[in-house]
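First up is the structure itself, then whatever we jot down about it.
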Amino acid sequence: MASGMAELLRLLLSVAEKAANVARVCRQEAPLFELLVQEKTGVDKNKKFVQDFKTLADVLIQEMIRHDVCAKFPELTGFIHGEESNKFKNGLGESVIVRVCAQEEDTTALLAKVLDGDQNAASLLTKVIHQDLQIKDETAESLQLSISPADVGIWIDPIDGTSQYIEGKEEEEPDEGFCPFGLPCALVLIGVYLRSTGQPVMGVINQPFNHKDSTGKGWKGQHLWGVSYGEVNVCSFKHRRPSCPQKRDGLSVLLSSSEKPAVKDALAAIPSSSLMYASGAGYKILCVVQGLVDVYVLSEGSTFRWDSCAPHALLRALGGGVSDLRECMRARVSGNKGHTAELTYHQPHTESQGVDRWANRGGIIAYLDSSIIDKVVAALAGKIF
Ligand code: 2IP
Ligand code: CA
């Protein structure tokens, strides 16, 4: 079954590119853009649909990935998870289950029903969803892994950094640097984990808005992937030395702008550390993957398995990882220094309800070099949790 995982990777690269096309089309085509940015206020609040169009875009991407993957790999049915529920209510109060149909016209009809009869918007979306798109990548195609698609499960975050996507600030990513906010922070994340151990083994990241095209109006994206299983560690991103200008000497730490002041103060007290901020959980891990910062630290349980699975696989392929911050701190207290407490992706917190079952609730620490864990944990000891 060696080629099964290579085939799966090729399919995930293609379907992530289709997802990026949906994300771009929703901002580029006027009828969709109007729906995307509509503010639901006052009397108009429930006139259109009960859920937002942005949620529909998310669900649609998720269902498209599910549809395309299950069509080729039926053994993955029931093992593809995402954040969104596909049950919708339209303006007439009718319940519609959003799914991608075998025939294009059936998908259009179904979407028109969710979109309160807006045929134009429905067919614009359907066209992208049903396009046949193949991404070619020689390295990906020559992969040999001793596991098969029947051994894995998938986490999808259709659009991570939704607020940046909706706000749409047109920052371009600087050469060898990162954007603190704006469209480049929005990412499509598809992570693959091993059903038996929960270890992330494959990740595809598509950044739909990486740089402007030659007309200056549209956007071009980029994708990255990584595979880490057994002896095979391959990442499409290659590090260039010396690293970027934003990465200074000392320890560069990337945080959410909403991080607790106590955490910021404790990390700022590490000799020659510098704190930086960016939007999007996936984007922050991607900055670590690209070596633009040394570490991403988050003290809250505000990210979920779908946020971290894909970029975690890329970090592992490069020798790094993503760990549970609280577990790392506990390990230090109990003298178990060096225990990395890496996140796994197969088991829910059974005592929790809804999305909290899949929260990365001890916070996270993402690194290329695991010796950084000790420095961060020592600085935070006694200050949080
Ligand atoms: C969000 C998104 C946010 C992030 C949050 C994620 O996912 O990545 O940007 O917060 O943790 O759950 P922050 O930017 O402060 O790190 P989504 O956009 O899919 O809701
Ligand atoms: Ca997310």
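Quick notes
- The listed residue being among the hydroxyl-bearing types (Ser, Thr, Tyr), touching a residue at least 60 places away in the same chain (Cβ under 8 Å) and either surrounded by fewer than 24 Cβ atoms within 10 Å (Cβ to Cβ) or part of a helix (DSSP H, G or I) (or both), out of Ser302, Ser308: Ser308
- Close Cβ contacts (under 6 Å, 6 or more residues apart or on different chains) running from residues in region 158-171 that are touching a residue at least 12 places away in the same chain (Cβ under 8 Å) and open to solvent by less than 70 Å² (accessible area, probe 1.4 Å) to residues that are within 6 Å of ligand 1 (Cβ to nearest atom) and assigned to a loop (DSSP other than H, G, I, E, B) comprise Asp160/Gly280; Gly161/Ser279; Gly161/Gly280; Gln164/Ser279.
- Within region 252-280, the set of residues being within 15 Å of ligand 1 (Cβ to nearest atom), touching a strand residue (DSSP E or B) at 6+ places or on another chain (Cβ under 8 Å), closer than 20 Å to Val377 by Cβ and not β-branched (Val, Ile, Thr) comprises Leu254, Leu255, Ser256, Glu259, Lys264, Leu275, Met276.
- Every residue from region 282-299 that is in contact with a helix residue (DSSP H, G or I) (Cβ under 9 Å, 6 or more places away or on another chain), in a helix (DSSP H, G or I) and within 16 Å of ligand 2 (Cβ to nearest atom): Gly282, Tyr283, Lys284, Ile285, Leu286
- Apart from one condition, Pro74 fits all of (1) at pLDDT 95 or above; (2) surrounded by 14 or more Cβ atoms within 10 Å (Cβ to Cβ); (3) over 22 Å from Ala20 (Cα atoms); the exception is (2).
- Whichever residue in region 34-53 is more than 15 Å from Ile159 (Cα to Cα), open to solvent by less than 70 Å² (accessible area, probe 1.4 Å) and assigned to a helix (DSSP H, G or I) and, among such residues, is modelled with the lowest pLDDT: Gly42
- Looking across region 345-372, the residues that are outside any loop (DSSP other than H, G, I, E, B) and over 23 Å from the mean Cα position of the chain (by Cα) come down to Ser371, Ile372.
- Only residues that are open to solvent by 70 Å² or more (accessible area, probe 1.4 Å) and either without any contact (Cβ under 8 Å) to a residue 60 or more places away in the chain or within 12 Å of ligand 1 (Cβ to nearest atom) (or both) were counted across region 137-157, and they come to 1.
The values are calculated or read from the model by the stated rules, or taken from the named source; none is laboratory data. Predicted model, so just to flag it, every value in this text is computed and none were measured. Don't worry about glycine lacking a Cβ; one is built from the backbone with ideal geometry, like all the others, and counts go over all protein chains shown. With ligands, DNA and RNA removed, areas are computed over all heavy atoms of the protein, side chains included. Shrake-Rupley method; radii C 1.70, N 1.55, O 1.52, S 1.80 Å.
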